[in-house]
């Protein structure tokens with residue numbers, strides 16, 4: 001009985017462990033705005049972290065704050081300012097939740 005349970009655990013649980021990918025932690029990042037604009041229903045912001053964690057990485061603005069994030073990003077880009085952003089993760093197409101001009 002113990003062998004059967006062990007075999008079933010290996011068959012069903014082990015592939016789940018191998019199939020999961022590591023997610024980059026969410027948090028605050030100081031960034032430069034590379035590109036900003038809207039496309040369809042989304043606002044895209046391409047950011048480069050000032051400490052080098054990511055470069056020219058595209059992100060999507062949080063849907064309910066898209067207009068505010070677009071305005072803030074455009075202001076920062078036009079005035080060559082850095083921004084402080086809260087991201088859902090640092091991988092491409094993560095969500096920009098908040099943005100402040102530094």
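Values in this text are rule-based calculations from the coordinates and carry no lab data. Keep in mind that what you see is a predicted model, and the values were worked out from it rather than measured. Backbone-built Cβ (ideal geometry, glycine too); neighbour counts: all protein chains shown.
Using Cα-Cα distances under 8 Å and only pairs 6 or more residues apart, what relative contact order does segment 22-101 have, in percent? Spell out each step's value before the answer.
Working: 178 pairs, mean separation 27.8, N = 80.
Normalised by residue count, the contact order of segment 22-101 is 35 percent.
Sort 55-63, 83-91 by packing, meaning the average of other beta carbons within 10 Å per residue, with the highest value first.
Values: 55-63: 16.7, 83-91: 18.4.
Result, highest mean Cβ count within 10 Å first: 83-91, 55-63.
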